[in-house]
1. Taking all protein chains as present, what is the carbon and sulfur share of the accessible area of region 137-182, in % to the nearest whole number, probe 1.4 Å?
2. Top to bottom by accessible area (1.4 Å), largest first, where do Val70, Val158 land?
3. For Lys205, Lys130, Lys16, what's the largest-to-smallest order of accessible area, 1.4 Å probe?
4. In nm, give the distance between the simple-model label positions of Asp167 and Gln42, each being 7 Å from the Cα along the Cα-to-Cβ direction.
5. Please report the base-10 log of the normalised intensity I(q)/I(0) for region 160-211, using a Debye sum with one equal scatterer per alpha carbon and no solvent, at each q in 0.19, 0.22, 0.31 (1/Å).
6. Please give the solvent-accessible surface of Ser166 in Å², to the nearest 10, using a probe radius of 1.4 Å with every protein chain present.
7. Along the Cα→Cβ direction, 7 angstrom out, place labels at Arg104 and Asp129. What is the inter-label distance in nm?
8. What's the long-distance tail for region 125-257, i.e. % of Cα pairs beyond 26 Å?
Amino acid sequence: MKPIICVTNQKGGVGKTTTAEAVADGMRRRGCHVLAVDCDPQGSLTAVQSAYVADGTASTADFIKGRPIVLAAGRQATVPAFEELAYVGQELATDGRPTEEDFRALGDAIHRAMDAFDLDACVIDTHPDKDFCVVSALVAATHVIIPTTPDRFGAEGVRQTMDLISDVSEQFGTSWDIGAVVTLYKPFTRLHTTIADQLDTELPKAGVKVFRQRISNHVQVAEAQAEGRSLYDTGRVLHGAAAQYDWLVDDIIDWIGARETASCDVS
């Protein structure tokens, strides 16, 4: 099964969109053909992935309902999200509640698109909620990445996310490979180092892989987002958070088995 990566955390402000974009674009840099899906009605991933949103493509709300996507140049695609995505669960619901089939519609659409265009991987960005879109993204996924800040609120967000994952697994019989990455890290701050080290020790006990690369709190992330460009489009040798995310992508590629995919130049 081709990898479908859901980037999620029940806490906001932990770098979910930055991580989703960095993973998708990092894989593209290695020759992979990637489908990115924005499952956040605020459309943050859509804004920074505009180069991969082709004219005439379905929005995420319409994609869930069965409308096809259109590829951008280089056989890449981003499915954009708009405010109507917040209501798609209600539109699909019968008798006031979405059915299991409704929750599986996103995954079905992703599989159809990946098969039709021979795409190598999918990355889904989510928002901090337990709504139809987030649950649908988890149901669709084969892998889950939880970005977390190394502080008390970040750790609590990971706990809440693991609770949601457990609930979804019980309801839908789904299982995942789960990983966590420390973001917005300040290496010379004792609290950050202490909590990050605790996450390294405790999360594997719950079956969560903690990626060894921590992502620094670096201004280039905000600059890239403000300019609507990829974090990797620096015009020079990668450094700072861009280099750290690039190293992280190498670990993720091994984790999801994408090194075995012929079109990904990751040897």
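1. 44 percent
2. Heavy-atom accessible area, descending, gives Val70, Val158.
3. Accessible-area ranking of Lys205, Lys130, Lys16, largest first: Lys205, Lys130, Lys16.
4. Placing both labels 7 Å along Cα→Cβ, they lie 2.1 nm apart.
5. -0.71, -0.85, -1.19
6. Accessible area of Ser166: about 70 Å².
7. My value for the distance between the label points is 2.4 nm.
8. Values: 2429 of 8778 pairs.
More than 26 Å apart: 28 percent of the Cα pairs in region 125-257.
The values are calculated or read from the model by the stated rules, or taken from the named source; none is laboratory data. The shown structure was predicted, so the numbers you read here are calculated from the model rather than taken from an experiment. Heads up, the Cβs are rebuilt from the backbone with ideal geometry, glycines too, and the neighbour counts pull from every protein chain shown. Keep in mind that these areas ignore ligands, DNA and RNA; they rest on the heavy atoms of the full protein, side chains included. Shrake-Rupley method; radii C 1.70, N 1.55, O 1.52, S 1.80 Å.
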